[in-house]
Amino acid sequence: MALGRKGRNVDNTTHEIDPNSITKEGGQYYDAESHEEKGGRKMSRVAGVMGGESDQDSQLGVGKQLELEATNSIKYRTCSWQKTAALLFSEYICLAIMSFPYSYSVLGLVPGLIVTVVIAMSVLYTSLIVWEFCLRHPEIRDVCDVGQMLYFGWTWVWYFTAAMFLLNNTFIQGLHVLTGAKYLNTMSGGAVCTVGFSAIWAVLSFFSSLPRTFDTLSKLATLSAFFTFVSVLLAAIFAGIEAHPYGYNSPDGGKDGLMTGNPIVLVIPAAGTGFVSGMNAFLNISYTFIGQITIPSFIAEMKEPKDFPKALWAVTICEIIVFSLTASIVYVYTGTQYNTAPAFGSLGNELYKKVSFSFMIPTLIFLGVLYASVSARFVFFRIFEGTRHKGNHTVVGWATWAGILACTWIAAFIIAEVIPFFSDLLSLMSSLFDSFFGFIFWGTAYMRMRRADYGPGWLSKRGIRGISGFILNVILICIGLFMLTGGTYATCQSIVNNYKDGLVTGGPFTCASNGL
């Protein structure tokens, strides 16, 4: 039998924990193998089981789940850590990297690099908290289950989290519909109405979303991440070797009144940089890193969830290197006055622009597909849990799966047409959703897990380690609250300013080209 999680002994060795050894004591859930009486660190379950589940259901470990789906024609717990790493790479190594030069132009090169590293490490830390929580609760299927557990099993929290979860994923799908139309307009010179290009991209993405397991999607994810790396590498090389960026010494080039001259590179923010522009730049960087919303869904389909940190560390190291180098190089060669979001539009050579942008096609399709699949399985599993339609090829099952996907892509198409600008859409998603799924939830999860392990006096029992952990996670929660309030205000004000200043091409459901 595959085992659910590891415990740690006082001699720092690890031992496997059988999910069936979990017992309930005094309203808390403990694992008999890892109880303090054995001398090792406890991995207690957080009190407050999801509504409607019995104690027996809550003890459904990984091995039992594998047994239950052994006879199904569609198996879900099939991902190795390498396949999970491929999914994470495709999620993080994405088009949003090309918004970093814009963020650096607002924040300055040095603060931009510092923000990049700090956010990367905070996401690594909180992702490990997510992983630990999922090890304690192998029955978790997605972040909505986590949300309800964190907040004492309250049903309304589950519905609130579910609404944010689906909206976040659909907004990301909408971003890729918007960018797909932008790509088609760039390649064709605006040969078709932008609404038409958006519809074409949404339909193409719908058909690409039809596979029902992450195991299948992981193969596509590998290609997506590879081609994205090639795309951003080419963009950086082309920015360095071309004579001048797009708009150089042109009456209609540049921005913010800086129309001519060599690229201006700011080491620190320019004097007078406002809260709205600075916050949007920060949110653009945050959006690219924060992807914890999918982690419970990925872990729920891993054969060995304990191996998840291997995938996480590999992705984080690559993120810091690729994001920092690409953003710095492109910004240095395009400067404050010529950069665009995405940065492909900063390239002055039309061939360079089209070649580097074209390598992004797999990601433009796949990342929207990944989030559509996460949303669809969230709804699908709850409709067909315990029925043959979930794990077998049935007409009802496939028709429902396709119907759910169609609804998400129609909603994504509408979002792409209503908010037709790249950087503000990134910022809006970051402030509304990443505040919870990137910070608030996981600061709360840390405190609930430590209280479950050490009891009401966990702060004093753990000494300086407990106090420092508490302070760090309070800071994370405060960052999330600041993003939710100040970030949402800044993004909405930026959207209003863009329309007021005439910076938006056309308007909602426009035929005007949005090509680079």
Inset, instruction - State, as an integer percentage, the relative contact order of segment 325-479 based on alpha-carbon contacts under 8 Å between residues 6 or more apart. - result: 15
Legend entry - Radius 14 Å from Cβ of M187, net charge of other residues (Lys, Arg +1; Asp, Glu -1): +2
Inset, instruction - Mind checking segment 313-394 for GluC sites (Glu not before Pro) that DSSP puts in a loop (not H, G, I, E or B) and that have at most 14 other Cβ atoms within 10 Å? - result: E385
Inset, instruction - Using just the alpha carbons, could you tell me how many Å³ per residue the convex hull of segment 378-459 encloses? - result: 139
Inset, instruction - Show E304, E91 ordered by accessible area, largest first, where the area counts protein heavy atoms only and the probe is 1.4 Å. - result: E304, E91
Legend entry - Loop trypsin sites (Lys or Arg not before Pro), segment 148-236, which have at most 15 other Cβ atoms in a 10 Å radius of their Cβ (DSSP): none
Inset, instruction - For segment 324-385, just list the percent of Cα-Cα distances falling in each 10 Å bin from zero outward, please. - result: 18, 32, 22, 15, 10, 2
Legend entry - Net charge of Cβ neighbours under 10 Å - reference F344; Lys, Arg +1; Asp, Glu -1: +3
Inset, instruction - Would you please state which residues of segment 308-332 a label at V230 would reach in this model, taking the label point 7 Å out along Cα→Cβ and a backbone N cut-off of under 12 Å? - result: none
Inset, instruction - Decide, for segment 361-516, between rounded, prolate and oblate: order the square roots of the alpha carbon gyration tensor eigenvalues as a ≥ b ≥ c, take rounded if a/c falls under 1.5, and otherwise choose prolate if a/b is larger than b/c, else oblate. - result: oblate
Inset, instruction - List the relative contact order of segment 74-172 as a percent without decimals, with contacts defined as Cα pairs under 8 Å and 6+ residues apart. - result: 12
Inset, instruction - Please tell me which of these pairs span more than 27 angstrom C-alpha to C-alpha: K306/K390; K83/K354; K182/K303; K303/K390; K219/K310? - result: K83/K354; K182/K303
Legend entry - Tensor-based shape of segment 131-235 (alpha-carbon gyration tensor, a/c under 1.5 rounded, otherwise prolate or oblate): prolate
Legend entry - Pairwise label distance in nanometres, H244 with I317, each label 7 Å out on the Cα-Cβ vector: 4.3
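The values are calculated or read from the model by the stated rules, or taken from the named source; none is laboratory data. The structure displayed is predicted, hence computed values, not measured ones. For neighbour counting, all protein chains shown are included, and Cβ atoms are generated from backbone atoms with ideal geometry for every residue, glycine included. Note: areas computed on protein heavy atoms with side chains; ligands, DNA, RNA excluded. Shrake-Rupley method; radii C 1.70, N 1.55, O 1.52, S 1.80 Å.
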